[in-house]
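A.B. asks: This is the structure I want to talk about, given as structure tokens.
The values are calculated or read from the model by the stated rules, or taken from the named source; none is laboratory data. Remember, it's a predicted structure, so these values are computed and weren't measured experimentally. Don't worry about glycine lacking a Cβ; one is built from the backbone with ideal geometry, like all the others, and counts go over all protein chains shown. Note: areas computed on protein heavy atoms with side chains; ligands, DNA, RNA excluded. Shrake-Rupley method; radii C 1.70, N 1.55, O 1.52, S 1.80 Å.
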Amino acid sequence: VDLATRIGTLTLANPVMPASGTFGPELAQVFDLDRLGALVTKSVTPEFRAGNPLPRLCETEAGVLNSIGIPGKGLDHFIAQAMPEWRRFRAPLVVSLSAPTVASFADCAARLAATPGVAAIEANISCPNLEEDGRAFAMHPEPAAAATAAMRRAAPGMPLWVKLSPNTGDIAAVARAVEEAGADAVVVANTILGLAIDVETARPKLGSGMGGFSGPAFKPVALRLVWQCAQAVRIPVIGVGGIATGEDAVEFLMAGASAVQVGTASFVSPTAMLSVIEALEKFCARKGIARVAELTGAALPRA
Ligand code: RRO
């Protein structure tokens, strides 16, 4: 079975990669990271960020809430200190980028495009845990398009993926706007805003109040978002949201995804992505499908 998938000009050896923020190079101690279709970093920001108040994670019976708040040392440190470590791997490296303004998205995209070893930028315009501009970009077509167009101009040759938000009324309109603005792919979707309350103290369980919800309970919602986006745009859709098994991945591919990302499931089992790759291959073999790319859109209404 040929597992290769194409995302614009980039060809991946297989369609399985980590969801941003759920993965780091330390996983190389658990398995060979070069078996993944791509590597995806935690979102990098232009400057140092302390992150949100503790606690930042809350497990519920249905899934996980997070309000991490993008802590990090900033782009200079990422390029100087983290990139040399990432360059040890052969799998294509996708750098997730988040920034507070259109101008800083563009500046950072230009700097990443000039950094050896960056195969693509995943523009995170959809972090649910930023009160200011961060969350707003992906909630409406106009700011999403403005950020995308500025990055497109600043980094003309660099594959540019844009990560969309489920926290919007019309994700198809946002997808069309970022396609028009020059995105090479859309990643669908980031976490959906949720809340858990400690009834003894009458306080939210997360330090910041609301947080992004992920895990198996989110899967049908994410699958529906992929299905809507795949019918709205011509660029590839990368599916993410509650994927834990090969069958989950097949569903997302059939809904129109060209690749999938695994996040929360890797916390349950660090080798979940490998199981997904193996199960995808077995599924195709059993069905007599020569190329996994043939699955993409198989369940979409015919045009
Ligand atoms: O760091 C976070 O709080 C975070 C980010 Br940037 C994101 O894009 N999605 C998420 O669930 N958490």
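A.B. asks: In the neighborhood of Arg153, defined by Cβ-to-Cβ distances under 15 Å, what is the net charge if each Lys or Arg adds +1 and each Asp or Glu adds -1?
C.D. replies: Details: positive: Arg111, Arg152; negative: Asp107, Glu180, Asp184.
Local charge sum for Arg153: -1.
A.B. asks: On a 32 Å Cα-Cα criterion, which of the cross-link pairs Lys219/Lys282; Lys73/Lys282; Lys205/Lys282 come out too long? Let's see the in-between values first.
C.D. replies: Details: Lys219/Lys282 22 Å; Lys73/Lys282 41 Å; Lys205/Lys282 41 Å.
Checking Cα-Cα distances, Lys73/Lys282; Lys205/Lys282 exceed 32 Å.
A.B. asks: Okay, next question. Ordering Met139, Met158 by accessible area with a probe of 1.4 Å, largest first, what comes out?
C.D. replies: Values: Met139 60, Met158 20 Å².
Of Met139, Met158, the descending order of accessible area is Met139, Met158.
A.B. asks: How large is ³J(HN,Hα) for each residue in region 185-191, as worked out from phi by the Karplus curve 6.51 cos²θ - 1.76 cosθ + 1.60 (θ = phi - 60°), to whole Hz, x for Gly and Pro?
C.D. replies: Each residue of region 185-191 in turn: 6, 10, 9, 10, 8, 5, 6 Hz.
A.B. asks: For region 66-185, with all protein chains present and a 1.4 Å probe, just round the carbon and sulfur fraction of the accessible area to a whole percent. Mind dumping the intermediate values first?
C.D. replies: On the way: 2410 of 4420 Å².
Carbon-and-sulfur percentage of accessible area, whole number: 54.
A.B. asks: While we're here: Report the net charge of residues surrounding Asp76, where surrounding means a beta-carbon distance below 10 angstrom and charges are Lys +1, Arg +1, Asp -1, Glu -1. List each step's numbers first, then the result.
C.D. replies: On the way: positive: Lys73, Arg111; negative: Glu47.
Result for the local shell: +1.
A.B. asks: Please work out the average accessible area per residue across region 11-80, using the 1.4 Å probe convention, and give it in Å².
C.D. replies: Numbers: 3150 Å² over 70 residues.
Spelled out: the 1.4 Å probe surface of region 11-80, per residue, equals 45 Å².
A.B. asks: Report, in deg cm²/dmol and to the nearest 500, the calculated mean residue ellipticity at 222 nm for the chain, where each DSSP H run with n ≥ 4 adds -39500 (n - 2.57) and the sum is divided by the residue count.
C.D. replies: Numbers: 9 runs with 89 residues, N = 303.
Value at 222 nm, helices only: -8500 deg cm²/dmol.
A.B. asks: Using modelled backbone amide H atoms (1.01 Å from N, in-plane), which distant-in-sequence or interchain residues come within less than 5 Å of Ala257's amide H?
C.D. replies: Hits under the 5 Å cutoff: Gly297.
A.B. asks: Here's something else I'd like to know. With a ≥ b ≥ c the root eigenvalues of the C-alpha gyration tensor of region 188-287, is it rounded (a/c under 1.5), prolate (a/b larger than b/c) or oblate? Please list the in-between numbers first.
C.D. replies: On the way: a/c = 3.25, a/b = 1.69, b/c = 1.93.
Taking the square roots of the gyration eigenvalues as a ≥ b ≥ c, region 188-287 is oblate.
A.B. asks: Additional query: Keeping all protein chains in the complex and leaving out DNA, RNA and ligands, what accessible area do you get for Glu294 with a 1.4 Å probe, in Å² to the nearest 10?
C.D. replies: Taking all protein chains as shown, Glu294 has close to 90 Å².
A.B. asks: Using the alpha-carbon centroid of each, what span in Å lies between region 2-45 and region 180-218?
C.D. replies: A separation of 22 Å, based on Cα centres.
A.B. asks: Give the ranking of Lys42, Lys219 by solvent-accessible surface, highest area first, calculated with a 1.4 Å probe.
C.D. replies: Details: Lys42 75, Lys219 35 Å².
I get Lys42, Lys219, largest accessible area first.
A.B. asks: Turning to a different aspect of this structure: Show the residues, 5+ positions off or on another chain, whose built amide H is closer than 5 Å to the amide H of Leu97.
C.D. replies: HN-HN under 5 Å from Leu97: Val44, Glu122, Ala123, Asn124.
A.B. asks: Let me ask something else about it. Going by accessible area, probe 1.4 Å, with all protein chains left in place, what is the ranking of Glu247, Glu61, largest first?
C.D. replies: Numbers: Glu247 140, Glu61 180 Å².
Most to least solvent-accessible, the answer reads Glu61, Glu247.
A.B. asks: Would you check the accessible area of Trp86, probe 1.4 Å, heavy atoms only, in square angstrom rounded to 10?
C.D. replies: 20 Å²
A.B. asks: Could you run the Karplus curve 6.51 cos²θ - 1.76 cosθ + 1.60 with θ = phi - 60° over region 4-14 and give me ³J(HN,Hα) per residue in whole Hz, x for Gly and Pro?
C.D. replies: 5, 9, 10, 10, x, 7, 9, 9, 9, 5, 8
A.B. asks: Would you mind counting up the charge near Ala91? Only other residues with Cβ under 12 Å from its Cβ, with Lys and Arg at +1 and Asp and Glu at -1.
C.D. replies: Overall, the nearby charge balance is +2.
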